[in-house]
1. When you scan segment 212-291 for strands (runs of 3 or more DSSP E) that lie fully inside it, which ones turn up with 1 or more residues that are surrounded by 16 or more Cβ atoms within 10 Å (Cβ to Cβ) and not aliphatic (A, V, I, L, M)?
2. Which pairs have Cβ atoms under 8 Å, sit 6 or more apart or on different chains, and link a residue in segment 217-243 that is under 15 Å from H171 (Cβ atoms) and touching a residue at least 24 places away in the same chain (Cβ under 8 Å) to one that is of a type in the set (D, E, K, R) and outside any strand (DSSP E or B)?
3. For segment 1-33, name all the residues that are more than 20 Å from V62 (Cβ to Cβ) and of a type in the set (S, T, N, Q).
4. Taking I167 as meeting all but one of (1) out of contact with any Ser or Thr (no Cβ under 9 Å at 6 or more places or on another chain); (2) exposed (fewer than 15 other Cβ atoms within 10 Å of the Cβ); (3) closer than 16 Å to H200 by Cα, write down the number of the exception.
5. Name the single residue, out of those in segment 3-52 being open to solvent by 20 Å² or more (accessible area, probe 1.4 Å), more than 16 Å from E66 (Cβ to Cβ) and hydrophobic (A, V, I, L, M, F, W, C), that is nearest to the chain's Cα centre (by Cα).
6. Mind listing just one residue for me: the one in segment 175-189 that is free of Cβ contacts under 8 Å to residues at least 60 places away in the same chain and either of a type in the set (D, E, K, R) or within 24 Å of T130 (Cα to Cα) (or both) and, of those, surrounded by the fewest Cβ atoms within 10 Å (Cβ to Cβ)?
7. Return the residues of segment 235-291 that are among the charged types (D, E, K, R) and within 25 Å of E183 (Cβ to Cβ); say none if nothing qualifies.
Amino acid sequence: MDLKELTTFRTIIQEGTFSKAAAKLNYAQSTVTNQVQRLEKELGIKLFKRGWDAELTPSGKVYAEEVDNLIQHWNYVLEQAKSLQKEEIGTLNIGVLETMTANILPAVLEHFRSLKPNIECHFTVGNTDTLSHGLRQNTLDFAITGEPTDLTSLQFEPLYNEKIQFIVSNHHAFAEKSAVSIEELYEYPLIVGGKTCLYHMRLLKEFAGYSGTPFLYSVSQISAIPSFVQQIPSVGAVLFSLPLPPDVVPLQVSMKDPLIPVGILQNNKTEYRSSTASLFLQCLKEKLKST
């Protein structure tokens with residue numbers, strides 16, 4: 001049994017005769033007859049009484065009542081199969097925070113590639129603000145970001161907490177101190193991420209609780225901040241997951257709220273997350289559990 005046989009059977013019922021059905025389907029009448037005969041053989045029942053008119057047998061009438069549902073289900077299965085086939089050879093457009101690209105993302109991609117070798121992955125690296133914009137513009141399928149302050153048209157699923165960390169060169173005066181206060185940081189220029197970075201805004205909120213204003217240099221590429229503190233007497237503010245070079249050390253600084261939620265961000269109009277996207281996120285979650 002195939003979809004053509006079902007469609008031919010339904011068309012005969014609609015048109016009333018084999019010849020009219022053949023004309024409607026642009027088939028030779030012998031083709032229509034052969035398809036009906038194959039269908040009858042596969043079902044093990046007679047569908048039509050033999051004659052010029054397409055008169056249904058009692059069994060044929062029962063089958064005719066279900067043919068629309070059968071065709072509808074068949075089309076649904078075909079569409080699902082086509083969707084799955086596309087997912088096997090498709091592309092994922094994924095937004096990620098810069099700090100994920102050093103350790104987490106390569107390991108996740110290696111695992112995902114072993115499962116879906118024909119799926120292309122295009123990664124856009126940026127901060128939460130940039131990636132949120134990409135989702136709203138439908139240029140990204142999903143993103144791993146901080147939680148935006150504006151969740152209009154977006155939905156956020158938290159995965160873990162990132163932590164703000166202050167760093168200095170190992171030659172810096174603070175390098176040997178067991179702890180440094182927020183006010184002491186003001187003695188040196190602070191090098192922080194771009195103004196739209198969540199942790200930049202979190203730092204400004206933290207500094208607002210103290211007297212005075214620190215002198216800030218902002219660098220949109222967080223991974224470049226260690227290079228600045230290596231060459232300039234300054235203090236850098238980065239995220240805990242950022243790998244540090246050997247001559248850069250973290251400081252023990254007490255903050256009121258150093259944690260930033262990181263999770264899956266996607267457009268809330270997305271009703272269906274593809275199986276490949278779900279698999280990539282599963283690989284990510286497994287990696288996060290193991291670290």
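1. Numbers: elements: 216-219, 235-239, 248-250, 259-267.
Result: 235-239, 259-267.
2. Taking only residues 6 or more apart or on different chains, the pairs are Q230/D247.
3. Within segment 1-33, T17, S19, N26, Q29, S30, T31, T33 qualify.
4. Every condition holds for I167 apart from (2).
5. Of all residues in segment 3-52, those open to solvent by 20 Å² or more (accessible area, probe 1.4 Å) come to 3-4, 7, 10, 13-20, 23-31, 33-34, 37-38, 41-46, 49-52.
Filter again for more than 16 Å from E66 (Cβ to Cβ), leaving 4, 15-20, 23-31, 33-34, 37-38, 41, 46, 49-52.
In the following step, the residues that additionally are hydrophobic (A, V, I, L, M, F, W, C) were identified as 18, 23, 25, 28, 52.
Values: F18: 51, A23: 48, L25: 43, A28: 49, W52: 58 Å.
Filtering first and then ranking leaves L25.
6. So the first thing to find is which residues in segment 175-189 are free of Cβ contacts under 8 Å to residues at least 60 places away in the same chain, and the list is 176, 183-184, 186-189.
Filter again for either of a type in the set (D, E, K, R) or within 24 Å of T130 (Cα to Cα) (or both), leaving 176, 183-184, 187.
Working: E176: 8, E183: 12, E184: 15, E187: 13.
Here the answer is E176.
7. Start the filter on segment 235-291 by keeping residues that are among the charged types (D, E, K, R), which leaves 247, 256-257, 269, 271, 273, 285-287, 289.
K256, D257 - these are the residues of segment 235-291 that are among the charged types (D, E, K, R) and within 25 Å of E183 (Cβ to Cβ).
Yes/no per residue for (1) in contact with a His (Cβ under 6 Å, 6 or more places away or on another chain); (2) closer than 14 Å to C283 by Cβ; (3) not aliphatic (A, V, I, L, M):
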site	(1), (2), (3)
M100	no, yes, no
I104	no, yes, no
E110	no, yes, yes
R113	no, yes, yes
V125	no, no, no
L140	no, no, no
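The values are calculated or read from the model by the stated rules, or taken from the named source; none is laboratory data. Keep in mind it's a predicted model, so treat the numbers as computed, not measured. Note: ideal-geometry Cβ built from the backbone for every residue, glycine included; neighbour counts use all protein chains shown. The protein model used for the area step is the full one, side chains on, heavy atoms only, and it has no ligands, DNA or RNA in it. Shrake-Rupley method; radii C 1.70, N 1.55, O 1.52, S 1.80 Å.
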